[in-house]
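The values are calculated or read from the model by the stated rules, or taken from the named source; none is laboratory data. Worth saying up front: this structure is predicted, and the values here are computed from it rather than measured. Quick reminder, even Gly has a Cβ in these numbers, built from the backbone with ideal geometry, and neighbours come from all protein chains shown.
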Amino acid sequence: MSQLLRNSIFLFLIFVTPVFASVGEITAHKGNGEIRRDKSAFESKKGLSVNMMDKIYTANGTSNITFNDKTNLTVTAQSEIIIDDFVYSGNQPASSRMSMAVLRGTATFTTGLIGKANSKNVRVRTPTASIGIRGTNFSMTVDELGGSIIVLLPNADGSVGAIDVTTDAGTVFLNQAFQATKTMSPETKPAKPVILKIDESQISNILIVSTPEALVEAVENDPLGFSGLNRDLLAFRFLDFNALDINELNVDLLYNPLDTKYLFDHEDGKTSGFNPTTQVNTIKSETHTQIIRMVENTIDVKNSNDSPLRIEMNTSGSYIVIETGDSPMSTLRIQQD
């Protein structure tokens with residue numbers, strides 16, 4: 001191979017290698033949290049840069065992030081955000097773009113220059129909805145199943161913008177302060193918008209465990225909405241334990257079957273809660289059982305309660321057997337070297 005060809009290949013490789021520059025920074029933080037970037041994790045603190053493709057986790061902490069276009073994102077405890085895309089040009093803000101996903105927890109979004117110049121270039125989504133902005137403030141609260149409560153908030157000057165909330169089944173528009181909707185799944189339409197009698201200080205994960213009555217009624221009374229939904233199901237929020245209770249930054253123990261700290265009234269796979277011995281999180285709902293274990297690598301298995309499953313984990317030097325119900329008919333073996 002000629003030297004010229006080698007140099008050409010080398011230059012091409014340099015050209016295509018992605019380099020993600022800072023798209024913003026943490027401007028305030030308290031408590032525990034981290035930013036995961038590629039295979040690295042950085043403890044959240046004031047001044048820490050935020051890059052495109054970063055995953056933002058807050059354990060018992062809260063973070064305030066300011067992006068280069070002055071978009072502001074406030075993230076409460078037990079939340080997970082992914083910054084998918086961010087390109088900002090101060091000279092051409094209309095050609096800039098932003099995309100992010102709120103996967104769980106609560107986040108408040110304040111529109112910056114990109115959204116004000118061209119709101120179509122801003123994409124904000126949850127597991128069950130996408131949100132179109134029109135230069136305004138709003139919040140998203142996402143539960144453990146992806147159900148989302150979206151609330152339109154007044155701007156700092158007291159004015160009110162508008163957003164649209166869309167699923168595969170339809171779209172609703174919010175244009176009044178503290179107007180809200182709820183999405184239960186991508187396949188069902190958002191609930192009819194209602195006005196919540198709350199203020200911004202009450203917007204947090206508490207909306208997950210205590211859904212405002214107006215939203216409950218809006219979902220129940222919508223004949224084209226979530227099929228078969230009833231008050232009991234809406235009120236069921238796994239109050240004893242759910243995914244928001246998992247502290248991803250405090251998992252460092254290996255399995256010891258003789259460890260006396262094991263909670264004998266807790267059974268992995270059958271009782272909601274965290275087992276400090278096996279490091280297994282069990283989340284039970286009326287229809288599914290979810291098993292999550294985060295030691296070195298994350299294992300996340302969700303199974304229907306109608307088909308109990310036996311899970312055999314041989315991982316991180318531990319052998320753990322979990323049964324999600326009585327007399328399981330299927331076995332899942334997980335091997336991690």
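On the given criteria, is ASN64 within 19 Å of LEU207 (Cβ to Cβ) and modelled with pLDDT of 90 or more?
The answer is no for ASN64.
What single numbered condition from (1) over 30 Å from THR141 (Cβ atoms); (2) at pLDDT 80 or above; (3) in a loop (DSSP other than H, G, I, E, B) fails to hold for LYS270?
Unmet condition: (1).
Taking segment 73-109 as the search range and keeping residues that are in contact with a Ser or Thr (Cβ under 9 Å, 6 or more places away or on another chain) and part of a loop (DSSP other than H, G, I, E, B), which one is nearest to ASN137 (Cα to Cα)?
For segment 73-109, the residue satisfying everything is THR76.
Here is a list of conditions, (1) charged (D, E, K, R); (2) more than 21 Å from ALA218 (Cα to Cα); (3) under 13 Å from the mean Cα position of the chain (by Cα), and ASP143 meets all of them except one; can you say which number that is?
(2)
Which of the residues that make up segment 292-312 are surrounded by 14 or more Cβ atoms within 10 Å (Cβ to Cβ) and over 16 Å from LYS270 (Cα atoms)?
MET294, VAL295, ILE299
Looking at segment 43-71, which of its residues are free of Cβ contacts under 8 Å to residues at least 24 places away in the same chain and closer than 20 Å to ARG104 by Cα?
Result: GLU43, SER44.
How many residues, within segment 135-187, are among the charged types (D, E, K, R) and in a strand (DSSP E or B)?
Final tally of qualifying residues: 2.
Of the numbered conditions (1) of a type in the set (D, E, K, R); (2) surrounded by fewer than 19 Cβ atoms within 10 Å (Cβ to Cβ); (3) part of a strand (DSSP E or B), LYS70 fails exactly one; give the number of that condition.
(3)
Which of (1) under 20 Å from PRO154 (Cα atoms); (2) part of a strand (DSSP E or B); (3) touching a residue at least 40 places away in the same chain (Cβ under 8 Å); (4) small (Gly, Ala, Ser) does GLY132 not meet, given it meets every other one?
(3)
For segment 179-209: of the residues being surrounded by 21 or more Cβ atoms within 10 Å (Cβ to Cβ) and within 24 Å of GLY112 (Cα to Cα), which is nearest to the chain's Cα centre (by Cα)?
ILE203
Could you check, for segment 13-35, whether at least one of its residues is assigned to a helix (DSSP H, G or I) and of a type in the set (Phe, Trp, Tyr)?
The answer is yes; a qualifying residue exists.
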